[in-house]
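These notes concern the structure reproduced below.
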Amino acid sequence: MSKTFQLTILGSNAAMPAFGRMTSCQSINYNDNYFLIDAGEGAQIRMTEYKVKRNRLRCIYISHLHGDHVFGLPGILTSYNHYNRSTPLHLFGPTGIKAYIEAMLAAGQTTLRFELIITEMDHTTPQVIWKSHELTVTAFPLKHRIATYGYRFDEQLSQYNIIPQKIKEHRLSISEIKEIKSGNNVRQGDAELQYLDLVYPRDKPRSYAYCSDTVYDESIVPTIKDVTALYHETTYTSEFAKEAEERYHTTGMQAAKIAQLANAGLLITGHYSSRYRRGDEPYLEAKSYFAETLKGYDGMIHNL
Ligand SMILES: [Zn+2]
């Protein structure tokens, strides 16, 4: 059975909380390890509401330093002093995030009683920034008014399980078994043994990509190629395409185009402008161009 790989959207509005929507924040639960993407205002309230296990939070990934993506961060961090957190927490974000956190802590003369490991990023090409035996996280630049990163989460599957009879049948050595389990073919004399003929089938690795905030930008397509689910901001509908471009945001149609080019299995919309009471318009526009589209909303839980 595959491990839990669950996305929870904790905030789906742009700029400020409105109509019951908080600003950007999402949680990923992979096999009971939690990861937060962005931490807009209200993130902490939503974490409690949607049962994000704070003490199992491993990393926080911040896209950029606009308030609607970071105003929830001070509360999340300082609350850990009341929860007696002792395990380290990783925080990733563009350069400037360290000064932001330090200024907030200094102003309140607050000392965090756990280790906060801050990684500031300024790379201009996609880079793997975090890796465990279960997940690999890649950060890639987006085009917004200030330095912004998107994130891709790739599941790392464990080794293949070899079919026992095949070991006897082909008199496989220990080193050959090792190769096959890792997904490599092996040579025996003139014959090449195909690993896929010797192992039990397994599920395809699942993946998730988060792209917010960004203007329409096809250069991200190779990095998010074939992703299982893509969250792409849909701040506006095409009616406001000019505003979208000026403010470095995306329309529903444009997000659908990116999903199509990337061959995404699913598109999830969000980061709705407060001009939309229900957020339906950008979602419906995206869905009209890309059928596999789901409307993102606060409290949405999606199993990848
Ligand atoms: Zn934003």
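The values are calculated or read from the model by the stated rules, or taken from the named source; none is laboratory data. From a predicted model like this one, the values you see are computed outputs, not experimental measurements. Positions of Cβ are generated from backbone atoms using ideal geometry, with glycine treated the same way; all protein chains shown enter the neighbour counts.
The rows are residues; the columns are (1) more than 17 Å from the chain's Cα centre (by Cα); (2) without any contact (Cβ under 8 Å) to a residue 60 or more places away in the chain; (3) assigned by TED's automatic domain parsing to the domain that holds Lys143.
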| residue | (1), (2), (3) |
| --- | --- |
| Met22 | yes, no, yes |
| Tyr30 | no, no, yes |
| Leu36 | no, yes, yes |
| Ala39 | no, yes, yes |
| Gly42 | yes, yes, yes |
| Ser63 | no, no, yes |
| Phe71 | yes, yes, yes |
| Asn84 | yes, yes, yes |
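Would you mind stating whether Ala255 is within 16 Å of the ligand (Cβ to nearest atom) and part of a helix (DSSP H, G or I)? In short, yes. Please determine, by comparing only the residues of segment 260-294 that are outside any loop (DSSP other than H, G, I, E, B) and under 22 Å from His64 (Cα atoms), which one is farthest from the chain's Cα centre (by Cα). Only one residue tops the list, namely Tyr272.
Within segment 219-238, the set of residues being acidic (Asp, Glu) and either modelled with pLDDT under 95 or surrounded by 24 or more Cβ atoms within 10 Å (Cβ to Cβ) (or both) comprises just one member, Glu233. Let me confirm something: among Tyr297, Tyr231, Tyr248, which residue is in a loop (DSSP other than H, G, I, E, B) and within 15 Å of the ligand (Cβ to nearest atom)? Going through Tyr297, Tyr231, Tyr248 in turn, the sole match is Tyr248. For segment 60-74, does any single residue satisfy the condition of being of a type in the set (Ser, Thr, Tyr) and at pLDDT below 95? So far as segment 60-74 goes, no, none of its residues is of a type in the set (Ser, Thr, Tyr) and at pLDDT below 95.
Got at least one residue in segment 147-162 being of a type in the set (Val, Ile, Thr) and surrounded by fewer than 17 Cβ atoms within 10 Å (Cβ to Cβ)?
The answer is no, given that none of the residues of segment 147-162 is of a type in the set (Val, Ile, Thr) and surrounded by fewer than 17 Cβ atoms within 10 Å (Cβ to Cβ).
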